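**Q** A single structure is presented below for examination.
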Amino acid sequence: VYRGSVKDFSGFDASQDAEALYNAMKGFGSDKDAILDLITSRSNKQRVEICQAYKSLYGKDLIADLKYELTGKFERLIVSLMRPPAYSDAKEIKDAIAGIGTDEKCLIEILASRTNKEIHDLVAAYKDAYERDLEADIVGDTSGHFKKMLVVLLQGAREEDDVVSEDLVEQDAKDLLEAGELKWGTDEAQFIYILGRRSKQHLRLVFDEYLKISGKPIERSIRGELSGDFEKLMLAVVKCIRSTAEYFAERLYKAMKGLGTRDNTLIRIMVSRSEIDMLDIREVFRTKYEKSLYNMIKEDTSGEYKKALLKLCGGDDDAAGEFFPEAAQVAYRMWELSAVAKVELRGTVQPAGSFNDDGDAQVLRKAMKGLGTDEGAIIEVLTQRSNAQRQQILKAYKAHYGRDLMADLKSELSGSLAKLILGLMLTPAQYDAKQLRKAVEGAGTDESVLIEILATRNNQEITAINEAYQEAYHKRLEDDLSSDTSGHFKRILVSLALGNRDEGPENLTQAHEDAKKLADVSSNDSSDSLETRFLSILCTRSYPHLRRVFQEFIKMTNHDVEHAIRKRMSGDVRDAFVAIVRSVKNKPAFFADKLYKSMKGAGTDERTLTRIMISRSEIDLFNIRGEFIDLFDKSLHHVIEKDTSGDYRKALLALCGGED
């Protein structure tokens, strides 16, 4: 099936088109719209024929004339469309290595994503256009393992058979693990050989196997083991093997998000993929970023340049908002993997080895006595003790000084640091109870806090929260939730607050039934609304079981369950169900995403930042750090460092524990 967005123009006549272009450029000023409409609605093969017809009719070079008439980004885009794909790639690479400094990102993108045939054509085009040897030029311009891997990719010798030997899959996964994680130092040659030569089909299975035996995706190991351009190249190769469309969707998103647009990247991808897989890229883009590629280009560019890019994009997926089955298959694989990967959850705060509660109490008292407060000493003690140890320090402090440590800390510290330190001194259940209480009391309710806590805590945690709530506020949590929320949202929270979720393994027959219930929107039984059906399954079934339900759901509908929720529900109900789904899918990733959002953009949401750092520090903050770097290409440590300041920052970094 053809998945490009630009097709052959029917009733094509090269001479007629050449004449139309000639007239559009004749005289004073040029008719840019006419040029744009014509060129973006012809295929590359047809454009090449127009160039030939133009030369025979007028004895002039069409590309040279276009360059003369047009300017800026629009000119680069149009001229790029006129070249055959291999010559376009050759020109991009020539520009990337010419002059001072090398554009490694461009080299990486082209060489990691092209097929064997495309690589062979590129090498030939480069020789034809510049009378130079591409490999020699790249070798002259790069170094180290980065150079070696580029040379391997330049051979265009990746295996292409789809017959996969299971023994070899296991062997390759083991070899990669031994070349990196299990070795002191890294054996880069193994990574180069396996990732550079094996077929895509084979490597996908190797990556699955790797996740099974090491408990982490291959990308995370590459980030830990390799560095610099070599690391970036290997990550790009892995991404392209998993899904070329996803790789390009991500490159396009990064080219446009934030300040300024990386136009070279945008042009190169829109041109080079327009006749290959633009529809797949659009699809993945829509799923991954919750907006269409079309809309993002529209918001981010202007003028004729924008018009031309939108024609290459082809259509707006927000209009139809429908998945293609291919994206559904990618989603299905994700569930498959999350079900088998044995991920060990770890916090970043461990109990201190030689712990002495009375000694700690003395250090704290000294830090607060007299004039001024020694915040550093307080941070050092309290962030490096487990919660159970902090509870002992509270008792020792009272026994030693007859004073209440909480009250002393409260009077000595202020602002964000005070909230963080006091939060660390409460038991996890007391802390959650307090956050819930704050979210419901006073004017207005903070629904997002209610959702975050109730959707992610397990039965034991919920039971403890209920007890702590009752003890601290002499009210039942359920009553406060009921009087403060309403409708389906209230019912979801009340159900979650019972802490009554099944804890058993999956039940396949039941999972099939459950998925059918969720998928069957059109059922006319109005007594049982959509929300009620979702509630009765999402709030009561065990996590392993729900994973299977979500997988069955994709099989039946071609949609990820989250997509269905977003499409059919709104407001707090939608947010609550999405939080449950994400928590089932991958709880550390759910928190990584919330942490990122709390710090991105203007101003920091310190309440969320503090709440998650405290509540996850002994459960899964280490895993959250791993997901954070996978999702955002920056370490959590780095983002906190950039985004906070003073003693508050010092305390957060101590909890974060380590730079990834």
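**Q** Just wondering, is there one or more residues in the stretch 181-189 that are modelled with pLDDT under 95, within 27 Å of the chain's Cα centre (by Cα) and within 30 Å of residue 94 (Cα to Cα)?
**A** yes
**Q** Related question: Looking only at the stretch 611-634, filter to residues that are β-branched (Val, Ile, Thr) and open to solvent by 10 Å² or more (accessible area, probe 1.4 Å); which one of those is nearest to residue 436 (Cα to Cα)?
**A** Across the stretch 611-634, the extreme among qualifying residues is 614.
**Q** Run down 436, 424, 420 and say which single residue is among the hydrophobic types (A, V, I, L, M, F, W, C), open to solvent by less than 10 Å² (accessible area, probe 1.4 Å) and farther than 22 Å from residue 648 by Cβ.
**A** Selected residue: 436, the only one of 436, 424, 420 that is among the hydrophobic types (A, V, I, L, M, F, W, C), open to solvent by less than 10 Å² (accessible area, probe 1.4 Å) and farther than 22 Å from residue 648 by Cβ.
**Q** Taking only the stretch 334-362 into account, find how many residues are surrounded by fewer than 17 Cβ atoms within 10 Å (Cβ to Cβ) and at pLDDT 70 or above.
**A** Counting residues in the stretch 334-362 that are surrounded by fewer than 17 Cβ atoms within 10 Å (Cβ to Cβ) and at pLDDT 70 or above gives 14.
**Q** Can you name the residue in the stretch 249-272 that is among the hydroxyl-bearing types (Ser, Thr, Tyr) and more than 17 Å from the chain's Cα centre (by Cα) and is also surrounded by the most Cβ atoms within 10 Å (Cβ to Cβ) among such residues?
**A** Checking each candidate, the answer is 272.
**Q** For the stretch 260-300, how many residues meet the condition of being outside any helix (DSSP H, G or I) and either in contact with a Lys or Arg (Cβ under 8 Å, 6 or more places away or on another chain) or within 19 Å of residue 1 (Cβ to Cβ) (or both)?
**A** Counting residues in the stretch 260-300 that are outside any helix (DSSP H, G or I) and either in contact with a Lys or Arg (Cβ under 8 Å, 6 or more places away or on another chain) or within 19 Å of residue 1 (Cβ to Cβ) (or both) gives 7.
**Q** Of all the residues that make up the stretch 442-459, how many are among the acidic types (Asp, Glu) and free of Cβ contacts under 8 Å to residues at least 60 places away in the same chain?
**A** Matching residues across the stretch 442-459 total 1.
**Q** State which residue pairs qualify: first residue within 17 Å of residue 404 (Cα to Cα) and inside the stretch 350-371, second residue among the polar types (S, T, N, Q) and part of a loop (DSSP other than H, G, I, E, B) in any location, beta carbons under 7 Å apart, and separation of 6 or more residues or different chains.
**A** Once the first residue is within 17 Å of residue 404 (Cα to Cα) and sits in the stretch 350-371, its partners that are among the polar types (S, T, N, Q) and part of a loop (DSSP other than H, G, I, E, B) give 367/373.
Every residue, every condition in (1) in contact with a strand residue (DSSP E or B) (Cβ under 9 Å, 6 or more places away or on another chain); (2) in a helix (DSSP H, G or I); (3) not assigned by the TED database to the domain that holds residue 494, yes or no:
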{"site": "365", "(1), (2), (3)": "no, yes, yes"}
{"site": "376", "(1), (2), (3)": "no, yes, yes"}
{"site": "385", "(1), (2), (3)": "no, no, yes"}
{"site": "390", "(1), (2), (3)": "no, yes, yes"}
{"site": "410", "(1), (2), (3)": "no, yes, yes"}
{"site": "419", "(1), (2), (3)": "no, yes, yes"}
{"site": "448", "(1), (2), (3)": "no, yes, no"}
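**Q** Suppose the filter is open to solvent by 50 Å² or more (accessible area, probe 1.4 Å), within 23 Å of residue 356 (Cβ to Cβ) and either at pLDDT below 95 or assigned to a helix (DSSP H, G or I) (or both); does residue 399 pass it?
**A** yes
**Q** Which residues, taken from the stretch 558-577, are modelled with pLDDT under 80 and on the phi < 0 side of the Ramachandran plot?
**A** Correct list: 559 only.
**Q** Taking helices (runs of 4 or more DSSP H) that fall entirely within the stretch 1-58, which contain at least 1 residues that are aromatic (Phe, Trp, Tyr)?
**A** 14-25, 44-58
**Q** Which residue, of 107, 111, 38, is in contact with an Asp or Glu (Cβ under 9 Å, 6 or more places away or on another chain) and in contact (Cβ under 8 Å) with a residue 40 or more places away in the chain?
**A** So the residue among 107, 111, 38 that is in contact with an Asp or Glu (Cβ under 9 Å, 6 or more places away or on another chain) and in contact (Cβ under 8 Å) with a residue 40 or more places away in the chain is 107.
**Q** Looking at (1) surrounded by 21 or more Cβ atoms within 10 Å (Cβ to Cβ); (2) not assigned by the TED database to the domain that holds residue 40, which is the only condition residue 78 fails?
**A** Single failed check for residue 78: (2).
**Q** List the residue pairs whose Cβ atoms are under 7 Å apart, where the first residue sits in the stretch 178-201 and is under 20 Å from residue 108 (Cβ atoms) and without any contact (Cβ under 8 Å) to a residue 60 or more places away in the chain, the second is acidic (Asp, Glu) and exposed (fewer than 15 other Cβ atoms within 10 Å of the Cβ), and the two are 6 or more positions apart or on different chains.
**A** The qualifying pairs are 197/159; 198/159.
**Q** Next up: Checking the condition at pLDDT 95 or above, among the small types (Gly, Ala, Ser) and touching a Phe, Trp or Tyr at 6+ places or on another chain (Cβ under 9 Å), which residue from 64, 124, 14 passes?
**A** Of 64, 124, 14, the one residue that is at pLDDT 95 or above, among the small types (Gly, Ala, Ser) and touching a Phe, Trp or Tyr at 6+ places or on another chain (Cβ under 9 Å) is 14.
**Q** Could you pull out every one of the helices (runs of 4 or more DSSP H) wholly within the stretch 116-206 that has 1 or more residues that are β-branched (Val, Ile, Thr) and open to solvent by 20 Å² or more (accessible area, probe 1.4 Å)?
**A** 116-130, 134-141, 144-154
**Q** Name every residue in the stretch 373-396 that is out of contact with any Asp or Glu (no Cβ under 9 Å at 6 or more places or on another chain), farther than 19 Å from residue 351 by Cβ and open to solvent by 50 Å² or more (accessible area, probe 1.4 Å), in order of residue number.
**A** Listed by number, the list holds a single entry, 374.
**Q** Can you name the residue in the stretch 463-507 that is over 14 Å from residue 437 (Cα atoms) and among the β-branched types (Val, Ile, Thr) and, of all such residues, is least open to solvent (accessible area, probe 1.4 Å)?
**A** Only one residue fits best here, namely 492.
**Q** Just one of 290, 246, 283, 275 is surrounded by fewer than 20 Cβ atoms within 10 Å (Cβ to Cβ), on the phi < 0 side of the Ramachandran plot and of a type in the set (D, E, K, R); which is it?
**A** After ruling out the rest, the residue left standing is 275.
**Q** Here is a further query. For the stretch 544-600, how many residues are within 21 Å of the chain's Cα centre (by Cα), open to solvent by less than 10 Å² (accessible area, probe 1.4 Å) and in contact (Cβ under 8 Å) with a residue 24 or more places away in the chain?
**A** Here the count works out to 17.
The values are calculated or read from the model by the stated rules, or taken from the named source; none is laboratory data. Predicted, not measured: the structure shown is a model, and the values here were computed from it. Here the Cβ is made from the backbone with ideal geometry for all residues, glycine too, and neighbour counts use every protein chain on show. Protein only, heavy atoms only, side chains kept; ligands, DNA and RNA dropped before computing areas. Shrake-Rupley method; radii C 1.70, N 1.55, O 1.52, S 1.80 Å.
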